[in-house]
Amino acid sequence: MAQTYDPRTIRYHWISVALVLCLWVAGQTIDWFPRGDARSIARSLHIVFGAGLLILLVMRLVWRNSGGTRLPAAAPGLQGKVAVAIHYLLYLMLAVTLLLGLGSVWVRGDSIFWLIKIPAFDPANRELRRAVVELHELLANILLFTSALHAAAALWHHVVSKDEVLQRMWPGVAGRRSKPQ
C-alpha cells in the first residue's frame, strides 16, 4: 500500500509553506520601506497573501476532512503521538496567526492597494493596535520556529533514520509505492 499523501494534500502543504515563508519575510521587512507608496504596497501584498493563505487553510482543512489522504502516525508510541500533536498545533497556530493578522488590519485600519479602505476599529486606541500587532508578530515568529522544528524532524527522518517519512509529503512522490527493504 502506498504511504504517501494525495497530490492535492501535498500541493496545499507546500503552497502553505511557501506562503508562510513569504509572509514572514514580508512582515519582517515592511518597515524597511519608506513611508508612503512603497510601504503601502508592501503592506497590501502582505495582507493579500495573508488572506490567500487563510483561504488556502480553509480549503486544506475541508479537503483533509472530506477527501484527503489520512495516514497513520509515521512512528509508533509516544513519538507518533507527539508528531500528531505538533501537526494540530501547527494548524492551530497558523489559524490564530492569520486571524490576528486580520485583526491587525481591522484595528489599525488599512488600505489595500488604494482600492479597499478598511476603517480602523478604534482609531484613538493605540494600545489596542499595538497589542494586536505585537501578538500577531509574536505568534508568527513562534509559528515559524515550530515549522522549522517540523522541517528539521522531517530531515532527521530522511537523513538519520533513513525512513520514508519525508517522502510521504514530497511533491512528485504521491501515488508511488514504497519499495520493500
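Brief remarks follow.
- Selected residue (criterion: surrounded by the fewest Cβ atoms within 10 Å (Cβ to Cβ)) from residues of the stretch 1-31 that are of a type in the set (Val, Ile, Thr) and in contact (Cβ under 8 Å) with a residue 12 or more places away in the chain: Thr29
- Considering the stretch 1-42, the residues that are small (Gly, Ala, Ser) and assigned to a helix (DSSP H, G or I) include one that is farthest from Thr97 (Cα to Cα), namely Ala38.
- Just one residue in the set Ala85, Ala140, Ala148 is small (Gly, Ala, Ser), part of a helix (DSSP H, G or I) and modelled with pLDDT of 95 or more; that residue is Ala140.
- Selection status of Pro123, over 30 Å from His157 (Cα atoms), outside any helix (DSSP H, G or I) and modelled with pLDDT under 90: yes
- Among the candidates Leu45, Leu56, Leu94, Leu98, residue that is touching a residue at least 60 places away in the same chain (Cβ under 8 Å) and either over 16 Å from the mean Cα position of the chain (by Cα) or assigned to a helix (DSSP H, G or I) (or both): Leu94
- Residues that are closer than 16 Å to Leu90 by Cβ, among the small types (Gly, Ala, Ser) and out of contact with any helix residue (DSSP H, G or I) (no Cβ under 7 Å at 6 or more places or on another chain), drawn from the stretch 110-151: Ala148, Ala151
- All conditions in (1) in a helix (DSSP H, G or I); (2) at pLDDT below 95 hold for Ser111, with the sole exception of (1).
The values are calculated or read from the model by the stated rules, or taken from the named source; none is laboratory data. Nothing here was measured: the structure is a model prediction, and the numbers come from that model. Please note: Cβ atoms are built from the backbone with ideal geometry, for glycine as well, and neighbour counts cover all protein chains shown.
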